[in-house]
1. So, restricting to helices (runs of 4 or more DSSP H) that lie completely within the stretch 64-139, which ones have at least 1 residues that are more than 16 Å from the chain's Cα centre (by Cα) and at pLDDT 65 or above?
2. Could you grab me the full set of residues in the stretch 1-41 that are touching a helix residue (DSSP H, G or I) at 6+ places or on another chain (Cβ under 8 Å), in a loop (DSSP other than H, G, I, E, B) and in contact (Cβ under 8 Å) with a residue 12 or more places away in the chain?
3. If the Cβ limit is 6 Å and pairs must be 6+ apart or interchain, which residue in the stretch 92-103 that is in contact (Cβ under 8 Å) with a residue 12 or more places away in the chain and in the same structural domain as residue 20 (by TED's automatic domain parsing) pairs with which residue that is loosely packed, with under 15 Cβ neighbours inside 10 Å and part of a helix (DSSP H, G or I)?
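The values are calculated or read from the model by the stated rules, or taken from the named source; none is laboratory data. Owing to the predicted nature of the structure, the values given are computational and were not obtained by experimental measurement. So basically every Cβ, Gly included, is an ideal-geometry build from the backbone, and we count neighbours across all protein chains shown.
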């Protein structure tokens, strides 16, 4: 009796995945993952076991290529409609696809998420790979501290309207490195 109950739980769990649209593998693979025989499922459950095609939400082509394709196309249509559901990584991981599997699928089919119409990267603009770093973070990273307001400082004006202050005892190589990292025109360096 215990065996019948276990097979029933496995089958019910698979039906639940299908109905919620989260079927991540074939029924045969699902049985193998849970240590039950796919072939014995029908014999154990008998009348309770319908045809797999009768399960609501069951997709026969549940191969990895099919799943990746379906997830990519769904994400693409959501982006085009302006309803992007967060990052692409979070989206496909919800369907049981790993980063390695999706990366290989995208590479094999020469697809890119950044080129999707309506896609907005988590960093802001469409397809943007870069993230702005505040001046203070760069100063802290390079010099190891933030300047105090009351001490003697060296002021660097960037783009004519933003001023960054360094403590007077900061090594000039650190300031030069900051200027190079910013990649912007420095209009005034003074104290």
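1. Numbers: elements: 64-80, 88-93, 99-108.
Where helices (runs of 4 or more DSSP H) fall fully within the stretch 64-139 and carry at least 1 residues being more than 16 Å from the chain's Cα centre (by Cα) and at pLDDT 65 or above, they are 64-80, 99-108.
2. 23, 24, 25, 34, 36
3. none
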